[in-house]
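*Asks:* Below: one structure in structure tokens.
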Amino acid sequence: MTVKTLRTLVAIVIVLTAWAVGHVQGQAKRPVDLFLIRIDAPSGETRINCEKGCAEKVQAFSCNAARCTYRFNQNGYVER
């Protein structure tokens with residue numbers, strides 16, 4: 001192989017590698033939606049409707065306190 005052909009091949013490999021790395025870095029990853037919930041909290045009762053990621057679809061809780069707190073555990077259940 002001549003030196004000129006070898007230089008051309010090396011240049012092509014460098015350009016293709018740079019393009020591939022730039023292409024991979026330019027792709028944006030979509031965030032993962034772990035939970036998608038809808039909360040309806042009228043006076044006296046709180047309804048939690050789980051659209052995605054929960055073990056139970058609808059839960060209703062009564063709370064007489066000024067502020068109520070709910071959390072999701074690792075299994076997707078709502079706990080009060």
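Yes or no, residue by residue, for (1) exposed (fewer than 11 other Cβ atoms within 10 Å of the Cβ); (2) modelled with pLDDT under 75; (3) outside any loop (DSSP other than H, G, I, E, B):
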site: PRO42; (1), (2), (3): yes, yes, no
site: THR46; (1), (2), (3): no, no, yes
site: GLU51; (1), (2), (3): no, no, yes
site: ALA55; (1), (2), (3): no, yes, no
site: ALA60; (1), (2), (3): yes, no, yes
site: ASN64; (1), (2), (3): yes, yes, no
site: ASN75; (1), (2), (3): yes, yes, no
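*Asks:* Within the set of pairs 6+ apart or on separate chains, which have a first residue in region 4-21 that is of a type in the set (Phe, Trp, Tyr), a second that is modelled with pLDDT of 90 or more, and C-beta atoms under 9 Å apart?
*Replies:* Here the result reads none, with nothing in region 4-21 linked to a residue that is modelled with pLDDT of 90 or more.
*Asks:* For LEU16, state whether it is hydrophobic (A, V, I, L, M, F, W, C) and at pLDDT below 80.
*Replies:* no
The values are calculated or read from the model by the stated rules, or taken from the named source; none is laboratory data. Because the structure is a prediction, the values reported are computed rather than measured. Note: ideal-geometry Cβ built from the backbone for every residue, glycine included; neighbour counts use all protein chains shown.
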